[in-house]
Amino acid sequence: MELGPDTADAPAYTSHDLPVSPKLWLLLGILYVGLGGRTGRYEASSPKAAGRLLRLLLRVVLWGSAKVQQLLWRLRWLIYANGLLIATMILIHLSSPDPRPPPLAFPAACPVNKRFGCSRVAQTGQHGAARGVAPLLVEADVVFVQRAAEDWVGMQTHARILATSPGFFHARFVSFFWGFADDFYASIRCHNSSHAVVEVQGQLRLGTSDLGVNKRRNRRALEALELAARDGTIPEGRCETSASAVSPGTRAAGVAAAVQQAGQQVQQGQQGVEQRQQQQPG
């Protein structure tokens, strides 16, 4: 059979050349028939189809809400425990606020009511320190030693410096999970003309025992400063003894010692005068 010129020259279309895929047309036809278009009553049956669709969606929502309620009922104790945990953490945070006003001097000793929750490494009143840990002597200026100590605090997690002054700073450490707050005090002063001495004290705010947390933190702090002095992070040099390089607590202690020494000298002078008066003949 011979084809005419028009038929022979006509291009052969495939499904890929059609503007719309035949599968899409098939899907649209199925939807049309399912909605009532097969009987020619599309306009009349579309509200019924929409109603059936809404009822189906409502059943799905009711079924999902019932399942969610069943799940929440089965997990109620876990939800209660989680709520109790969050309430406890908030209570711990509110029960250990930062001191106002902040301390401006190194503590004289560990608090009496926190003997099992305080660790002090100092030349006087040492308490709860790790074995072999003593105040650190660094051959450097107070300014550089204090800067290195504050940098170490800044590198710790959940730590923040609350107050600082020449030769002293006060920091706060917070535990990871429960959020218990601990106070960390550091004193840096000149021990002699060549060495600065570093004293630290850590104590908890809430409770009676810290399970050795502050003791281990004090040891890590002094070890970090000792390593910084060895590797040259802290410049080696003489310790400058001046009013700006001594902590307020050290200045107060020095003034008290000077006053006490002056009082003893006055008392000794009075005793000497009385003895000479008694020795003179009447």
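Out of the residues in the range 187-207 that are touching a helix residue (DSSP H, G or I) at 6+ places or on another chain (Cβ under 7 Å) and closer than 24 Å to Ser95 by Cα, state the one that is surrounded by the most Cβ atoms within 10 Å (Cβ to Cβ). Among those that are touching a helix residue (DSSP H, G or I) at 6+ places or on another chain (Cβ under 7 Å) and closer than 24 Å to Ser95 by Cα, it is Gly202. Tell me, yes or no, whether the range 114-123 has at least one residue that is in contact (Cβ under 8 Å) with a residue 12 or more places away in the chain, polar (S, T, N, Q) and part of a helix (DSSP H, G or I). Scanning the range 114-123 turns up no residue that is in contact (Cβ under 8 Å) with a residue 12 or more places away in the chain, polar (S, T, N, Q) and part of a helix (DSSP H, G or I). It is to be established whether one or more residues within the range 102-113 are open to solvent by 90 Å² or more (accessible area, probe 1.4 Å), of a type outside the set (Phe, Trp, Tyr) and assigned to a helix (DSSP H, G or I). The answer is yes; a qualifying residue exists. Looking for something open to solvent by less than 100 Å² (accessible area, probe 1.4 Å), part of a loop (DSSP other than H, G, I, E, B), modelled with pLDDT of 85 or more and farther than 30 Å from Arg172 by Cβ - is there at least one such residue anywhere in the range 68-77? Yes, because at least one residue in the range 68-77 is open to solvent by less than 100 Å² (accessible area, probe 1.4 Å), part of a loop (DSSP other than H, G, I, E, B), modelled with pLDDT of 85 or more and farther than 30 Å from Arg172 by Cβ.
Here the range 139-195 is the region considered, the condition is being of a type in the set (Asp, Glu) and in a loop (DSSP other than H, G, I, E, B), and the residue that is farthest from Ala129 (Cα to Cα) is Asp141.
The values are calculated or read from the model by the stated rules, or taken from the named source; none is laboratory data. Small disclaimer: the values here were computed from a predicted structure and weren't measured. As a convention, Cβ positions derive from the backbone with ideal geometry for all residues, glycine included, and neighbour counts pool all protein chains shown. The protein model used for the area step is the full one, side chains on, heavy atoms only, and it has no ligands, DNA or RNA in it. Shrake-Rupley method; radii C 1.70, N 1.55, O 1.52, S 1.80 Å.
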